[in-house]
Every structure is written in structure tokens, then in C-alpha cells.
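Structure first, then comments.
The values are calculated or read from the model by the stated rules, or taken from the named source; none is laboratory data. Here the structure is a predicted model, which means the values were calculated and not measured. Note: ideal-geometry Cβ built from the backbone for every residue, glycine included; neighbour counts use all protein chains shown.
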Amino acid sequence: MRVFTKLGIAFLLTVFATGMLWAQHSASEIAAKQQTLLQVTENLLVADESPMESSKVVNATDAQWDVLGSFSAQAASCQAVATDGENFYMTYWNGAGLFDKFDMDGIYIESFTISSAAAIRDFAYDGAYFYGAPSGGMSIAQLDLANQTVVSTITISSTAGVTGSRHLSYDPDLDGGNGGFWLGQWAELAAIDMAGNTIYSNSETPTVESC
């Protein structure tokens, strides 16, 4: 709208000035004045152009819950899976501490055994160590899977009101930002800190469907 407004003003100025010039000046003077007015018009139009370059926003094609990749486990009983960003690890819910290691493309690398971490149902990772509850019980093994060893054992407080840890997730915001776990058996859900102390008992959390 501003371009047309300025163009209109410039045009009226040209017409008005031309009429005046015909009455007062020679043909050469009129031509010079008209050229000056045309330059003013061009300057107005250029000045009104946007200095911003146009750009095109391309929307991502990945939507929530899209499957971005997949690979096959070594066996159907590999229930627990987690990654440290360098490798995927899987273990067997009915195994004797057997772990399978894959690269980030899902290529199998090796298997190894940690006998004191058998039958883990679910994995968690906190940025440094992996965690899993052997046999889905009331203790959590802190695992250094790169070195294939158990670092320590965390005992789940009885006040958590759960009967084991079939499901286990690390939450960095629990315990005032010190981290902790959400865990439980089937429809149970409680939260504990990194030492196993109760933060939210099963009776304090919302009812969840069996998992």
C-alpha cells in the first residue's frame, strides 16, 4: 500500500511540475526537471522495498510416535533395552545375566554375562550408568555395561509400597534435581531417590493400568 501511495504522489508531482515548466521554461530545462522527478520516483520505490530476504520454512516430516528405525533382537525374551547414545544393550527377562550389545545402527556386536544381574525386566540410564532390578525384585543393580560389571546395589525402601520393579525409569528431576526412579510391579507406581528412599509411595501416585 505504501508503494502505491508514494508512486501516486510522485506522479502528481510530475504532472504538476510539468505544467508549470511548460509555462516558464524552455524544452531542455523541462526535460532536465522531468528526469530529476523520475529519479525521485525510483528512489521512493527502492526505499520502500523490504530489506529482508525471503525464506522458506520446511516442516519436519517426522511426527510423534513415528517409527524412525528398528532392528531385531537376538531372542524374543529380550525385554529390557536401553542406550547410552553409543550402543544399545538388551537383556533377557528369563536369562541368567546374559546381555547383548549392538551399535546405534542395530548391528550386533557381542554378548556377555553378569550373573549377579539376571532376569532384568526393564532398563534405565542416567547418563553414566545403567540400572535394572534383577528378577524384577526389590533391589536395583547399578551397571557399568561398558566394563561388564555391577557397580553397586540399591535397595528399594519397603515404604515405597511396591512389591518389586518390573518397570523402571530414571527421572533427573526427582529429589530436587538429584535424580531418582519411577518403578513398580504391574499396576504399581512409586518414586525413590538414588539411594532407594521413598519419594512418592504407590498409594500417593495415580492409579495406572497394568503394564
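Here's the yes/no breakdown for (1) in a strand (DSSP E or B); (2) in the same structural domain as residue 133 (by TED's automatic domain parsing); (3) surrounded by fewer than 21 Cβ atoms within 10 Å (Cβ to Cβ); (4) polar (S, T, N, Q):
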site: 153; (1), (2), (3), (4): yes, yes, yes, yes
site: 164; (1), (2), (3), (4): no, yes, yes, no
site: 170; (1), (2), (3), (4): yes, yes, yes, no
site: 175; (1), (2), (3), (4): no, yes, yes, no
site: 182; (1), (2), (3), (4): yes, yes, yes, no
site: 187; (1), (2), (3), (4): no, yes, yes, no
site: 192; (1), (2), (3), (4): yes, yes, no, no
site: 195; (1), (2), (3), (4): no, yes, yes, no
site: 199; (1), (2), (3), (4): yes, yes, yes, no
Condition met for residue 205 (modelled with pLDDT under 95, surrounded by 14 or more Cβ atoms within 10 Å (Cβ to Cβ) and of a type in the set (Ser, Thr, Tyr)): yes
Any chance residue 126 is at pLDDT below 95 and among the acidic types (Asp, Glu): no
Leading residue by the ranking (surrounded by the fewest Cβ atoms within 10 Å (Cβ to Cβ)) among those in the range 84-143 that are in a strand (DSSP E or B) and of a type in the set (A, V, I, L, M): 109
